[in-house]
Amino acid sequence: MSGAGPNGLRRLPKRRHLSWTVSLGLLIVLFIFGAIRFPGFVSGQVVLDLFVDNAYLIVLAVGMTFVVISGGLDLSVGSVLGLSTVIAAALLRAHWSPGAVIIVVLLVGSALGLLVGLGIHYLSIQPFVATLISMFFARGLCYVLSPDSIAISDPFFLGMAQAQLPVGFGLEVSPSVPVALLVVLAGVLVLHWTMFGRTVYAVGNGGRAASLMGVPVARTVVLVYVISGFCAALAGILFSFYTLSGYSLTGVGLELDTIAAVVIGGTVLSGGSGYLWGSILGVLVLGTVNALITFDGTLGTWWSKIIAGALLLVFVLVQRLVLRRRRADSGGSKPEEPGARARAWASDVGRGGLRDG
Amino acid sequence: MPAATPVVEMRDVTVTFPGVRALDGVDFRMFPGEVHSLMGENGAGKSTLVKALTGALRPDSGSIAVDGRPLEQASPRKSQALGVSTVYQDTNLLPTLSVTENIMLGRESRWGPFIDRSATQARARALLKELALDIDPAAELGELPFALQQLVAVARAIGIDAKVLVLDEPTASLDGDEVADLFRVIRHLKRRGTAILFVSHFLDQVYEIADRLTVLRDGALVGEYRTDDILRIELVHKMIGPQYAAIEDVAPVDFSQQFAGDSGPVVEAVGLGRRGRVAPFDFVAREGEVVGIAGLLGSGRTEVARLLSAVDRPDTGRLRVSGAGRRVRTPRTALRHRIVYASENRQNEGIIESFSVRDNILIALQADRGWYRPISRRRQEELATSYIQALNIRPADPDAVVRDLSGGNQQKVLLARWLAIAPRLLILDEPTRGIDIGTKAEVQRLVNDLAANGMAVVFISAELDEVLRLSTRIVVMRDREMMADIANDGASSGKVLTMIAGGGAP
């Protein structure tokens with residue numbers, strides 16, 4: 001085994017990129033298909049509209065990627081997005097200034113994330129359950145604030161909804177797109193170029209190893225959910241630019257679309273691996289499927305769900321294959337028992353991180 | 001020769017757990033530039049001593065000093081700060097990150113708040129080069145063979161300027177070449193002046209790499225020796241300790257009764273083996289025979305048992321079961337052919353603590369009959385009561401919850417469970433560990449009776465005298481290989497000890 005030569009080893013690192021390169025390939029295939037099938041599908045504006053229509057989903061996916069790489073899951077993002085639109089609309093109706101409204105919304109989203117993170121780390125609540133609680137809580141709060149849709153007539157929000165920024169060649173995007181791209185840029189920097197980002201991956205590998213390596217597990221877990229909450233709130237603001245209303249039913253089920261985008265982007269749900277730009281590709285793949293169905297015109301929009309399901313299946317299978325090959329390669333390495341990581345993590349959290357063996 | 005001042009000095013260290021004195025006033029020292037091996041059987045206190053040194057637990061009394069500085073209010077972080085680095089057996093690294101990231105995590109080169117990737121990688125590369133390891137720092141750790149992962153763990157450990165490197169069972173999953181690689185790195189570190197604590201069950205490896213040994217037994221210090229000065233057979237004696245004779249007085253066993261029928265083979269293994277666990281071996285268990293498996297902890301005793309009972313899947317060879325048309329490959333089919341493995345791991349692989357004695361006894365029988373043919377309540381009571389009487393289980397209450405029973409009685413419940421399905425081959429892995437001497441004698445008597453009635457029994461025990469006392473045949477394991485399969489003619493004690501020790505024993 002030690003004879004594995006340098007050539008063999010040098011070829012390997014590409015494999016961690018395999019998942020997201022597959023998404024990129026798929027995106028290209030979808031575009032080629034669109035180009036052949038529908039004249040005018042491949043145009044600059046169609047591509048830009050993908051970003052315009054999915055800006056909020058891109059922002060959600062950035063937060064979700066942090067959470068999933070850390071080994072968790074955030075089911076609350078759809079509800080937090082909905083709550084954010086309702087809070088924004090309600091405060092604007094009460095004639096708050098738009099700047100103050102945006103700050104309050106972002107603080108509420110981050111605070112919910114903070115509570116979720118604290119619960120997950122210090123009370124050892126599973127991420128699924130903790131974020132499920134937060135999901136119901138945020139959704140319920142929407143109805144308490146206002147059961148009916150509230151229209152937004154604030155001039156700043158109206159301006160954001162109508163503004164079109166020229167990007168050259170006579171093409172335009174809404175202001176949501178640069179905001180989303182800034183979030184992506186910040187996310188990439190933090191996740192891939194800072195020590196905090198490294199520790200997110202470390203924590204996602206299983207808490208015991210990370211804490212034995214001296215990594216600040218608690219801080220990382222909590223911060224990851226704060227980031228996700230913040231992103232959900234920001235996505236809510238972008239969404240209200242898009243719809244100019246706050247409504248308690250906004251974003252129902254959106255958390256699942258977000259998770260789908262992250263998975264299609266090559267991030268493994270068990271944590272520890274994935275790339276932020278993969279999730280963005282995942283959003284674009286889902287968006288392109290929707291665009292293709294819109295172009296076709298004869299297919300119901302439910303087809304997009306069926307296709308999204310099929311794509312997810314394909315990606316999960318690809319991930320399985322990658323994992324299996326990895327296992328075969330690592331020879332003596334023990335195959336990981338399903339759930340072992342989660343259990344080690346849970347027990348680790350419970351005991352404060354000491355090895356018991 | 002070791003330098004004059006020790007780098008690690010543990011004095012009179014005592015650690016108690018509820019009911020157990022895990023370490024009892026133990027002194028331990030290590031010198032710079034030496035490889036020191038910690039020797040002892042199960043429960044000797046090795047891992048407790050390692051944990052005390054690495055700060056994973058705090059001793060009740062005694063002092064620990066590293067490089068002259070005391071380790072107080074111990075924690076892993078404090079111990080690391082004093083220069084003690086540990087590589088754990090299951091290599092606690094992060095498989096989805098790169099080699100560089102694993103080595104440098106937490107001390108990356110930075111440029112403002114951002115990681116300077118190329119500088120970090122360069123440092124990792126330099127570290128790997130210093131250890132003469134040909135590993136690409138950009139490779140993903142999980143894609144490397146396990147042995148290389150372990151060497152990466154060593155690189156990470158010494159990167160923290162380690163004065164003392166603790167290697168806990170580092171060779172447990174490595175093959176020969178991989179061990180040679182690890183030893184090369186160890187020798188290199190030794191020349192650098194690092195003190196290395198090498199914890200291993202493999203005597204050959206200990207004799208190859210260690211300069212000195214400390215032997216522990218039952219939580220107490222037996223002694224510290226230079227490897228060159230102590231013969232293997234002496235070492236094994238010191239690890240195993242004086243053999244008790246007392247058990248004969250407690251419960252004499254009638255060994256005159258022997259199985260009278262034809263001794264047909266029940267199972268036959270040909271070239272059965274599993275890579276990295278146990279080398280291919282041949283084995284036959286016949287009716288009415290007690291085959292004892294002797295060997296040190298980690299010698300492959302349990303692995304043999306698990307292969308014979310199809311609990312683990314072999315890579316090579318065949319397991320033939322008399323009366324079985326097809327190959328037996330799963331524990332379920334093995335059970336159907338009445339091959340039973342009673343695990344040494346009573347808590348996790350045996351007893352169901354929250355169930356009653358009756359349910360624990362009957363669960364295997366019920367599973368064997370199929371869940372759609374329930375055993376009637378009255379029959380359940382009868383069976384449970386008869387086993388409770390036959391095995392003298394205390395309290396004699398079928399509805400007692402097993403959690404409340406003593407270890408010995410739990411062991412008897414487990415035995416009853418397997419006896420209830422009338423096994424042809426009963427494999428007992430350390431059935432007498434952690435139980436009192438009286439119960440131990442009862443279990444021994446039971447094994448003898450079962451064999452006399454035609455059952456084939458494989459009996460594994462860490463205590464050699466027990467194996468010698470009960471077995472008609474003895475299989476000796478050493479370093480995951482079956483060394484011998486000999487008849488127990490009463491005079492084999494010395495021979496068996498010699499084979500367990502191996503190497504240059506007299």
Check: Where does each of A:Y201, A:Y242, A:Y247, A:Y275 land when they are ordered by accessible area, with a 1.4 Å probe and the largest first?
Finding: A:Y242, A:Y247, A:Y275, A:Y201
Next item on the list: Heavy atoms only, probe 1.4 angstrom, no DNA, RNA or ligands counted: give me B:E34, B:E101, B:E208 ranked by accessible area, highest first.
Entry: B:E208, B:E101, B:E34
Next item on the list: Quickly estimate the mean residue ellipticity at 222 nm for the protein assembly as shown, helices only: each DSSP H run with n ≥ 4 gives -39500 (n - 2.57), and the total goes over all residues, rounded to 500.
Entry: -16000 deg cm²/dmol
Item checked: DSSP-defined antiparallel bridges as percent of all bridges, the protein assembly as shown, nearest 5 -> 60
Margin query: Can you give the FRET efficiency to the nearest 0.05 for A:F295 and B:A122, using r as the Cβ-Cβ distance and R₀ = 56 Å?
Written below: 0.65
Next item on the list: Could you run the numbers on buried accessible area between B and A, total for both chains, 1.4 angstrom probe, in Å² to the nearest 100?
Entry: 3900
Next item on the list: Please list, in chain and number order, the residues 5+ apart from B:E344 or on another chain whose amide H is under 5 Å from its amide H, with Hs placed from the backbone.
Entry: B:D429
Notebook entry, point to check: Can you work out ³J(HN,Hα) from phi for every residue in segment B:207-224, in order, using Karplus 6.51 cos²θ - 1.76 cosθ + 1.60 and θ = phi - 60°, giving whole Hz and x for Gly and Pro?
Noted result: 5, 6, 10, 7, 8, 9, 10, 10, 9, 10, 8, 6, x, 10, 6, 8, x, 10
Note to self: Given a 1.4 angstrom probe, I'd like the percentage of the accessible area of chain B that is carbon and sulfur, rounded to a whole number.
What the structure shows: 49
Check: Rounded, prolate or oblate: which one fits segment A:15-326, using the alpha carbon gyration tensor with axes a ≥ b ≥ c (rounded when a/c is under 1.5, else prolate when a/b beats b/c, else oblate)?
Finding: oblate
Checklist line | Surrounding net charge for A:L145, when Lys and Arg each add one and Asp and Glu each subtract one, Cβ distance under 13 Å | finding: +1
Margin query: Considering only C-alpha atoms, what is the centroid distance from segment A:41-57 to segment B:316-394, in Å?
Written below: 64
Notebook entry, point to check: Based on the Cα atoms of segment B:8-240, what semi-axes does the equivalent ellipsoid have, where each is the square root of 5 times one gyration tensor eigenvalue, given in whole Å with the largest first?
Noted result: 31, 21, 15
Item checked: Relative contact order %, segment B:8-240, counting alpha carbon pairs below 8 Å whose residues are six or more apart -> 29
Notebook entry, point to check: If you plug each phi of segment A:124-140 into the Karplus form 6.51 cos²θ - 1.76 cosθ + 1.60 with θ = phi - 60°, what whole-Hz ³J(HN,Hα) values come out, in order, with x for Gly and Pro?
Noted result: 6, 6, 5, x, 4, 6, 4, 6, 5, 4, 4, 4, 5, 4, 5, 5, x
Checklist line | By accessible area with a 1.4 Å probe, ligands and nucleic acids excluded, highest first: order of B:W371, A:W277 | finding: B:W371, A:W277
Item checked: Gyration tensor (alpha-carbon) shape descriptor, segment A:129-246, a/c threshold 1.5 -> oblate
Margin query: Could you tell me the calculated FRET efficiency between B:E208 and B:T14, based on Cβ-Cβ distance and R0 = 22 angstrom, to the nearest 0.05?
Written below: 0.10
Next item on the list: Over segment A:15-326, average the accessible area per residue using a 1.4 Å probe and give it in Å², no decimals.
Entry: 41
Check: Can you give me the relative contact order of chain B as a percent, contacts being Cα pairs under 8 Å and 6 or more apart?
Finding: 15
Notebook entry, point to check: Relative contact order for segment B:358-422 using alpha-carbon pairs under 8 Å, separation at least 6, rounded to a whole percent?
Noted result: 48
Margin query: With a 1.4 Å probe and all protein chains kept in place, how much accessible area does A:V289 have, in Å² rounded to the nearest 10?
Written below: 10
Item checked: Out-of-range pairs (alpha-carbon distance over 23 Å; input B:K46/B:K238; B:K440/B:K495; B:K238/B:K495; B:K46/B:K440; B:K238/B:K412) -> B:K440/B:K495; B:K46/B:K440; B:K238/B:K412
Check: How much of the DSSP beta bridge set in chain B is antiparallel, as a percent to the nearest 5?
Finding: 55
Notebook entry, point to check: Amide H to amide H, which residues 5 or more places from B:M39 or on other chains are under 5 Å from it, using H placed in the peptide plane?
Noted result: B:T214, B:V215, B:L216
Notebook entry, point to check: Do you know which residues of segment A:186-229 lose at least 30 square angstrom of accessible area in the protein assembly compared with their chain on its own, with a 1.4 angstrom probe?
Noted result: A:W193, A:T194, A:M195, A:R198, A:N205, A:A209, A:L212, A:M213
Notebook entry, point to check: Got a number for the accessible area of A:F136? Probe 1.4 Å, square angstrom, nearest 10.
Noted result: 140
Note to self: Please report the accessible area of B:H237 (heavy atoms, 1.4 Å probe, ligands and nucleic acids excluded) in Å², nearest 10.
What the structure shows: 90
Item checked: 1.4 Å probe, heavy atoms, protein only - residues of segment A:264-278 losing at least 10 Å² accessible area vs chain alone -> A:G272, A:S273
Next item on the list: Could you state the accessible area per residue of segment B:358-422 in Å², with a 1.4 Å probe and every protein chain left in place?
Entry: 49
Next item on the list: Using only Cα atoms, find the angle between the long axis of helix B:146-159 and the longest principal axis of chain B, and express it within 0 to 90 degrees, rounded to the nearest 10.
Entry: 40
Checklist line | Proximal charge balance of B:R232 [Cβ under 13 Å; K/R count +1, D/E count -1] | finding: -4
Check: Separation of segment B:44-109 and segment A:110-176 by C-alpha centroid, Å?
Finding: 44
Check: In Å², what does the accessible area per residue of segment B:97-172 work out to with a 1.4 Å probe?
Finding: 32
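The values are calculated or read from the model by the stated rules, or taken from the named source; none is laboratory data. The structure displayed is predicted, hence computed values, not measured ones. With ideal geometry, Cβ positions are generated from the backbone for all residues, glycine too; neighbour counts draw on all protein chains shown. Heads up: the accessible areas ignore ligands, DNA and RNA and are worked out on the full protein's heavy atoms, side chains in. Shrake-Rupley method; radii C 1.70, N 1.55, O 1.52, S 1.80 Å.
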